[in-house]
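Below: one structure, written as structure tokens.
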Amino acid sequence: MDLSSKSKLSRLIGCQLTSLTYICLALVTMVLFLRAVVLHSFSGYGVIEWNNLDLILSHSLLLNSHDEGIRRDKYLEVPQIVWGLNNQKIAFARACLTARMLNRTLLMPSLSASLFYKEIDRLQPISLDKVFQFDKFNSLCKGFVQLGRYSDLKNQTGIYDLQKGSGRKWTVERDMEHLKQSSRGHVDEHEVVRIVGKNPFLWHDHWPVEDYARVFECLVLVDEISKEADKVVSKIRQIGKKHRSKTEMIQSDFDANSESSSTATAPYIAVHMRVEIDWMIHCKKLEQRSGINQICSSKQEIIQRVGNIVSSESPTVVYLAVADSLLNDSSILSGWKKGLLPFEKKKLGVDGIYKKHPYLIQSAIDYEVCSRADIFVGNSFSTFSSLIVLERTQKMKRMGITRSCDIDVRWPSYAYNILGESNGPQKWMTNMSDSTLQAISYGSNAITC
């Protein structure tokens, strides 16, 4: 190659490198711009639609995934997952993380559409992909955990039944050692390892909160259920917008150009109100056993503390996520601070949406409505409330927010059973550094800013 050819080659390579540099700089600038826009939206009491945020978070999840480690020719099978929605989500995540440790793909388990704690024969099995998107889960959790279908099996080897131990002698350490032994040797040669015994919610917990949060992020509702939640949220915001428009018309008759941005998309508060009889009996016993007196809350206490969160008197809808037994209890709708407009699903006129679905789907809809709220208020000893706060904390963490005590943040959460500043509820973010999920399970209290 002569000097002239070498010179041309050098200039060509230089141009390509320069172009690549400019492209990289442009991409970095774009990312920083988007981050600045989103973080700017954290200030103030406005609204960001969850759908837009989920696009950003989904992309972030995919970028953070690594396609390695999870074998697709070895599987783990677990018993049917039972009990309430959030107990089932925890059980599913625990099964996923157990499969991850064994370096196996989890065969898609059955959930339970009905809620029967003792009458197992009355449980209504429902395939997980009827509630959550199968392909979306594998896409978002690629390289971390993996779901498989029974149709993927080649049936080249027999199934190995792995009996889970029980009783006081079956300690956390013994359980972990048992799992380690099952990840090698003759057990690992089997295509399918089937865990028999109690359901995964009752297994010993070996996994940090961050791992559970990672699995929960990958659980995306199927379109049919998500659209039902959309209808409820839309109705809430329509009512809020209507009431705000009336108030602002009265206040601004003299100003023809005073259309407020608050009427564009009205924010709302969601309160997971646990005051039904069976909960009050449960929490009173829990207070007696634990010596903690900040578990139960009366209706009046909840109403008073929620009223001390928002200082503005602009009409704001308060969606009350309550048990069906309270839908005819008018006392939960009275006594609220001026400007707060309480609605439960019956008063909202959306109870028909819930009634056409089994218990599990009804819970999933309510969970989604509460998760999307601009402000969420719950009980820190409730698994339902705790998982909502965990997922909201994870979303804020991915946006660079790690504290909520001393700053105003988007999507704040509060625990009404614990007294906070100005006689309001305590600000609440999940401690994502906990070594197990015990901190947000029944009988535990994880309040952190």
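The values are calculated or read from the model by the stated rules, or taken from the named source; none is laboratory data. Please read all numbers here as calculations on a predicted model, not as lab measurements. Every residue, glycine among them, receives a Cβ derived from its backbone with ideal geometry; neighbour counts consider all protein chains shown. For the accessible areas, the whole protein counts, side chains as well, though only heavy atoms, and no ligand, DNA or RNA atoms are used. Shrake-Rupley method; radii C 1.70, N 1.55, O 1.52, S 1.80 Å.
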Q | Karplus-derived HN-Hα couplings along the stretch 348-353 (A = 6.51, B = -1.76, C = 1.60, θ = phi - 60°), whole Hz, x at Gly and Pro | A | 5, x, 10, 4, x, 4
Q) For the stretch 75-206, what % of the accessible area comes from carbon and sulfur atoms, probe 1.4 Å? A) 48 percent
Q) In the stretch 194-217, which residues have a backbone nitrogen under 17 Å from the label point lying 7 Å from GLN80's Cα in the Cα-to-Cβ direction? A) 195-202
(Q) With the cut-off at 1.5 for a/c, could you classify the stretch 120-221 from its C-alpha gyration tensor as rounded, prolate or oblate? (A) rounded
Q) Among LYS231/LYS338; LYS89/LYS227; LYS241/LYS427; LYS164/LYS227; LYS142/LYS164; LYS198/LYS427, which pairs are too far apart, with a Cα-Cα distance over 30 Å? A) LYS164/LYS227; LYS198/LYS427
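When the chain is fully extended, how far beyond the present Cα-Cα distance does GLU173 get from LYS231, taking 0.36 nm per residue of separation?
16.2 nm
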Q | Full-extension gain in nm, ASN431 to LYS198, via 0.36 nm per residue minus C-alpha separation | A | 81.0 nm
Q) For the stretch 282-420, what does the alpha-carbon gyration tensor say about shape, rounded, prolate or oblate, given a ≥ b ≥ c as the root eigenvalues, a/c under 1.5 as rounded, and a/b over b/c as prolate? A) rounded
Q | Backbone N under 12 Å from the ASN103 label point (7 Å along Cα→Cβ), restricted to the stretch 119-162 | A | none
Q | Violating pairs (Cα-Cα greater than 18 angstrom) within the set LYS74/LYS136; LYS299/LYS395; LYS136/LYS355; LYS235/LYS347 | A | LYS74/LYS136; LYS299/LYS395; LYS136/LYS355
Q: Looking at the stretch 75-206, send over the antiparallel percent of its DSSP beta bridges, to the nearest 5.
A: 20 percent
Q) Just the accessible area per residue of the stretch 75-206, please: how many Å² with a 1.4 Å probe? A) 46 Å²
**Q.** At most 10 other Cβ within 10 Å, DSSP loop - GluC sites (Glu not before Pro), the stretch 264-347
**A.** none
Q | Fully extended contour minus Cα-Cα distance, from ASP161 to LYS284, at 0.36 nm per residue | A | 40.2 nm
Q. With a ≥ b ≥ c the root eigenvalues of the C-alpha gyration tensor of the stretch 294-358, is it rounded (a/c under 1.5), prolate (a/b larger than b/c) or oblate?
A. oblate
Q: Calculate the spin-label point distance for LYS130 paired with SER325, positioning each point 7 Å from the Cα along the beta-carbon direction, and give it in nanometres.
A: 2.7 nm
